[in-house]
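The values are calculated or read from the model by the stated rules, or taken from the named source; none is laboratory data. Computed from a prediction, not measured in an experiment: that's the story for all the values here. Cβ sites come from the backbone with ideal geometry, for glycine too, and all protein chains shown count toward neighbours. For accessibility, only protein heavy atoms count, side chains too; no ligands or nucleic acids. Shrake-Rupley method; radii C 1.70, N 1.55, O 1.52, S 1.80 Å.
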Amino acid sequence: MDDSEEKGSENSRRTFLKGISAVPFTALAAGWNLAGTPATLPVPARKDQAAEKTKPSNDKKFVAIQIGARSFVDEGVDKCLDTLQEKGAVNVLMPTVFTYGRGLAGRQVPGQPLPDHGVQEYDEVHGGSYTKLHPEFYANSVIKDFRAPELGEFDILADVTPRAKAKGMQVYCLFEEAYNTRLIPNFEKIAEVDVYGRIGGSTCHNNPEARLFLTSMVKDWLTNNDLDGMMWESERQGPLNNTLGAHFGRIGRSRSINCFCTHCLRKGKETGINVERAREGYLALDRWVESSLGSARPNDGTFVSLWGLFLEYPELLAWQRLWFRSQEEMYGLLYGTAKEANPKAQVGWHIMHLVTMSPFYRAEQDYARLAHFADFIKPCPYNNCAGPRFAQYIRNVQSIVFRDFTPEEVLELHYKLLGNEGEPNLDKLPTTGLSAGYVARETRRTVDDVQGAIPIYPGIDIDIPTGLNEKRTQPSDVKAAVLAAFKAGAPGVVLSRKYAEMKLTNLAGAGDALRETSA
Ligand SMILES: [Zn+2]
């Protein structure tokens, strides 16, 4: 990072703090141009106000569940809601309103055992909007046609919200960045572009059309439905971490060295980054990863050669920073849009599971900063599926960044870096998962970071898919995780990732914890 970038950053930080509450919602909603000011998030000052609003009355815990439209169609809306209340003591519904992914929509993932409820067959997920589109909200959007077809006219907001409310439940709509580029006409107009010029699988946070599309949906949902809140899942971590393979997916060279679209190049330039050097840096880093994966230890060692690249191309870090600051801007934009449509709506962000595994990603997810444009945060200490996921993460980073160490040493290093000492070794990790103590530690860390400004609702892992011979959720795991979250200072939890893959016996573990807490 050169000097001008440093100064720009400090100015931006001051402007950010000053700028809070200075910009009217209408400016945000109109797609106000934020280019070149990555940290100047024009969001309203509402911390104290929000904390006041969301303070649970009579110590009642916030018990939310993520649920897709398929479950309501399969099991019937009222029956489904009754089951959630009875088994899980659920009082907040988080219906998935937009996704093209299986994590939040459809039935059980094929290959996984079907749970003890719902239709006992696997299904196809097309995806899109699971609520009716009101065309006037998309008049200026390049994306207009994205209603999910597989459930007919069923509307997860209009058909569910009034009935949930009648049963005393709150409703927070849920959506995520899971797109099917083949099924969305004009997707290329909102897409990210990688360092090789290829169109990617997600949107670019700096693309004005992408911003308009997302804000149009938020306006539509919050204007046309009596919602209590909204949560968005932006499960991406930018070009640097992607290139370095710092994730728990399949190991290999990244296809997601994003974003180098014209909007990002212009913004990078305006921010004082040498964009050509950034591009060259990422091409060099990609070549370095390829040679690391395929060859023996370099003469100077892997870590030293990687550090040499950072010294040669400081733009690698600058471009990564541009990415996650742009993601924060998107949070700010959606926050303002939602508040304009419904000032009482509670708006929050799901922070992906990786935040508990990767020190690189954790360093970017500054909960204290996020609290400026969130009414709540959902960190994801998913302790059961963390077993196989974290083991894979360790294998991935060991095979690229940390080749100077053995996998077991890399795991120990990460336990120390992230404050999770004492958790299982690499042999046992995939089958035992992580403890409820890990749920407590991440919860406490988040609560401490935001200093009580907003509530923290950790995600609780109930049957998030793992291999059949790997750690599988048990009722006692769910109960222990929920109790650990409460004890660590969370006023609520979000049962994750979706009802359709949860066993009722495991969901009941949450209900048991709640009954024990209120007893
Ligand atoms: Zn871009």
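Here are the numbers for this structure:
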{"item": "Count of the stretch 309-349 residues which are without any contact (Cβ under 8 Å) to a residue 24 or more places away in the chain and aromatic (Phe, Trp, Tyr)", "result": "1"}
{"item": "Residue, farthest from the ligand (Cβ to nearest atom), within the stretch 228-252, restricted to residues that are open to solvent by 10 Å² or more (accessible area, probe 1.4 Å) and of a type in the set (Gly, Ala, Ser)", "result": "Gly252"}
{"item": "Filtered residue count, the stretch 487-519, keeping only those that are within 23 Å of the chain's Cα centre (by Cα), without any contact (Cβ under 8 Å) to a residue 60 or more places away in the chain and either surrounded by 23 or more Cβ atoms within 10 Å (Cβ to Cβ) or closer than 25 Å to Thr431 by Cβ (or both)", "result": "1"}
{"item": "Residue under evaluation Lys267, criteria (1) at pLDDT 95 or above; (2) within 16 Å of the ligand (Cβ to nearest atom); (3) open to solvent by 30 Å² or more (accessible area, probe 1.4 Å), criterion not met", "result": "(3)"}
{"item": "In the stretch 204-215, residue farthest from the ligand (Cβ to nearest atom) [restricted to those that are part of a helix (DSSP H, G or I) and buried (at least 22 other Cβ atoms within 10 Å of the Cβ)]", "result": "Thr215"}
{"item": "All positions within the stretch 335-349 that are open to solvent by less than 10 Å² (accessible area, probe 1.4 Å), touching an Asp or Glu at 6+ places or on another chain (Cβ under 9 Å) and among the aliphatic types (A, V, I, L, M)", "result": "Ala345, Val347"}
{"item": "Sole residue being more than 21 Å from the chain's Cα centre (by Cα), in contact (Cβ under 8 Å) with a residue 24 or more places away in the chain and within 14 Å of the ligand (Cβ to nearest atom), chosen from Gly197, Gly201", "result": "Gly197"}
{"item": "Conditions (1) open to solvent by less than 10 Å² (accessible area, probe 1.4 Å); (2) touching a Phe, Trp or Tyr at 6+ places or on another chain (Cβ under 8 Å); number of the one not met by Gly422", "result": "(1)"}
{"item": "Residue satisfying all of: in the stretch 253-262; open to solvent by 30 Å² or more (accessible area, probe 1.4 Å) and either closer than 25 Å to Val401 by Cβ or touching a helix residue (DSSP H, G or I) at 6+ places or on another chain (Cβ under 7 Å) (or both); farthest from the ligand (Cβ to nearest atom) among these", "result": "Arg253"}
{"item": "Cβ-Cβ under 6 Å pairs, at least 6 apart or on other chains, the stretch 216-245 side more than 30 Å from Phe310 (Cβ to Cβ) and assigned to a helix (DSSP H, G or I), far side hydrophobic (A, V, I, L, M, F, W, C) and open to solvent by 10 Å² or more (accessible area, probe 1.4 Å)", "result": "Ser216/Phe137; Lys219/Phe137; Lys219/Ala341; Asp220/Phe137; Leu222/Ala341; Thr223/Ala341"}
{"item": "Unique match (being touching a strand residue (DSSP E or B) at 6+ places or on another chain (Cβ under 8 Å), among the hydroxyl-bearing types (Ser, Thr, Tyr) and closer than 27 Å to Gly111 by Cα) among Ser496, Ser435", "result": "Ser496"}
{"item": "Test for Ala484: is it open to solvent by 10 Å² or more (accessible area, probe 1.4 Å) and under 15 Å from Thr356 (Cβ atoms)", "result": "yes"}
{"item": "Residue within the stretch 175-183 that is farther than 30 Å from Lys61 by Cα, part of a loop (DSSP other than H, G, I, E, B) and out of contact with any strand residue (DSSP E or B) (no Cβ under 7 Å at 6 or more places or on another chain) present", "result": "yes"}
{"item": "Single unsatisfied condition, Arg321 versus (1) away from the ligand (no atom under 13 Å from the Cβ); (2) open to solvent by less than 10 Å² (accessible area, probe 1.4 Å); (3) closer than 16 Å to Leu240 by Cα; (4) under 26 Å from the mean Cα position of the chain (by Cα)", "result": "(2)"}
{"item": "Of all residues making up the stretch 389-431, the number that are out of contact with any helix residue (DSSP H, G or I) (no Cβ under 8 Å at 6 or more places or on another chain) and without any contact (Cβ under 8 Å) to a residue 40 or more places away in the chain", "result": "8"}
{"item": "Candidate set from the stretch 178-194 (those that are touching a residue at least 24 places away in the same chain (Cβ under 8 Å), open to solvent by 10 Å² or more (accessible area, probe 1.4 Å) and within 14 Å of the ligand (Cβ to nearest atom)); member that is farthest from Leu265 (Cα to Cα)", "result": "Lys189"}
{"item": "Verdict on Asn225 being within 30 Å of Gly348 (Cβ to Cβ), within 16 Å of the ligand (Cβ to nearest atom) and either open to solvent by 30 Å² or more (accessible area, probe 1.4 Å) or out of contact with any His (no Cβ under 8 Å at 6 or more places or on another chain) (or both)", "result": "no"}
{"item": "Test: residue in the stretch 350-364 that is assigned to a loop (DSSP other than H, G, I, E, B) and open to solvent by 10 Å² or more (accessible area, probe 1.4 Å)", "result": "yes"}
{"item": "Unique match (being open to solvent by 10 Å² or more (accessible area, probe 1.4 Å), assigned to a helix (DSSP H, G or I), over 24 Å from Ala368 (Cα atoms) and at pLDDT below 95) among Glu280, Glu276, Glu290", "result": "Glu290"}
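Every residue, every condition in (1) within 16 Å of the ligand (Cβ to nearest atom); (2) in contact with a Phe, Trp or Tyr (Cβ under 6 Å, 6 or more places away or on another chain); (3) small (Gly, Ala, Ser), yes or no:
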site: Gly272; (1), (2), (3): no, no, yes
site: Val289; (1), (2), (3): no, no, no
site: Asp300; (1), (2), (3): no, no, no
site: Val304; (1), (2), (3): no, no, no
site: Glu328; (1), (2), (3): yes, no, no
site: Tyr331; (1), (2), (3): no, yes, no
site: Glu340; (1), (2), (3): no, yes, no
site: Ala345; (1), (2), (3): no, no, yes
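Every residue, every condition in (1) open to solvent by less than 20 Å² (accessible area, probe 1.4 Å); (2) over 23 Å from the mean Cα position of the chain (by Cα); (3) among the β-branched types (Val, Ile, Thr); (4) over 20 Å from Leu504 (Cβ atoms), yes or no:
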site	(1), (2), (3), (4)
Lys87	no, yes, no, no
Thr99	yes, no, yes, yes
Gln108	yes, no, no, no
Gly111	no, yes, no, yes
Lys132	no, yes, no, yes
Ala139	no, yes, no, yes
Lys144	no, yes, no, yes
Ala148	yes, no, no, yes
